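Everything below concerns the one structure shown next.
The values are calculated or read from the model by the stated rules, or taken from the named source; none is laboratory data. Predicted, not measured: the structure shown is a model, and the values here were computed from it. Note that we place each Cβ from the backbone using ideal geometry, even for glycine, and neighbour counts take in every protein chain shown.
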Amino acid sequence: MEKLNYYDIVEKILNPYVNITVGEGAKVESIADRANGHYLIMFVGWRDGAHVYGSLIHIDIKNNQIWIQQDGTQEGIAQQLVKAGVPQSDIVLGYRSPFVRQFSGFGVGVENKSEVKPLKEVSR
């Protein structure tokens with residue numbers, strides 16, 4: 001079976017977000033560093049005299065896994081990746097702690113097993 005091109009899949013999923021409206025005075029910017037596997041969808045500008053700046057989506061591709069560092073979407077980037085054929089084990093919810101990730105059904109994404117601390121047993 002041919003390995004999926006995660007860079008192409010991520011770019012295809014993120015492309016529609018560039019056209020969303022975030023309000024008058026603010027705009028959406030797509031920042032892609034394919035060579036290093038970094039993708040951001042940012043909103044930036046001014047609204048009602050206040051500076052608007054933030055990350056809607058932040059994805060990194062590292063160690064043959066897609067790391068979702070930020071997901072401000074309603075539908076969920078992880079679910080879109082699964083629909084596109086990416087195995088859940090190759091999707092890491094980077095915004096969750098390494099301990100919690102092991103229960104998510106998605107990839108754990110730790111390089112050092114000491115990052116995942118086991119539950120302490122409660123004496124009864």
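Between residues in the stretch 70-89 that are farther than 14 Å from Tyr39 by Cβ and assigned to a loop (DSSP other than H, G, I, E, B) and residues that are modelled with pLDDT of 95 or more and of a type outside the set (Phe, Trp, Tyr), which pairs lie under 6 Å by C-beta distance while being six or more apart or on different chains?
Within 6 Å, the pairs are Ala84/Ile9.
Do we find that His51 is modelled with pLDDT of 95 or more and assigned to a strand (DSSP E or B) in this structure?
no
So for the stretch 16-36 (the condition being out of contact with any Leu (no Cβ under 6 Å at 6 or more places or on another chain), free of Cβ contacts under 8 Å to residues at least 12 places away in the same chain, over 22 Å from Ala78 (Cβ atoms) and not polar (S, T, N, Q)), does at least one residue qualify?
Yes: the stretch 16-36 contains one or more residues that are out of contact with any Leu (no Cβ under 6 Å at 6 or more places or on another chain), free of Cβ contacts under 8 Å to residues at least 12 places away in the same chain, over 22 Å from Ala78 (Cβ atoms) and not polar (S, T, N, Q).
On the given criteria, is Gly45 over 25 Å from Leu4 (Cβ atoms), modelled with pLDDT of 90 or more and either part of a strand (DSSP E or B) or in contact with a helix residue (DSSP H, G or I) (Cβ under 9 Å, 6 or more places away or on another chain) (or both)?
So Gly45 passes the test.
Based on what the data block shows, is Ile77 within 9 Å of the chain's Cα centre (by Cα) and either surrounded by fewer than 12 Cβ atoms within 10 Å (Cβ to Cβ) or within 14 Å of Glu11 (Cα to Cα) (or both)?
yes
Pull up the stretch 100-109, narrow it to residues that are surrounded by 18 or more Cβ atoms within 10 Å (Cβ to Cβ) and either touching a His at 6+ places or on another chain (Cβ under 6 Å) or not in a helix (DSSP H, G or I) (or both), then point me to the one that is modelled with the lowest pLDDT. Don't jump to the end; show me each part of the working.
As a first pass, look at the stretch 100-109 and keep what is surrounded by 18 or more Cβ atoms within 10 Å (Cβ to Cβ): 101, 106-109.
This time we only want the ones that are either touching a His at 6+ places or on another chain (Cβ under 6 Å) or not in a helix (DSSP H, G or I) (or both), so: 106-109.
Numbers: Phe106: 95, Gly107: 94, Val108: 92, Gly109: 87.
The extreme case among them is Gly109.
Evaluate the stretch 91-99: report whether one residue or more is exposed (fewer than 13 other Cβ atoms within 10 Å of the Cβ) and over 22 Å from Ser55 (Cβ atoms).
no
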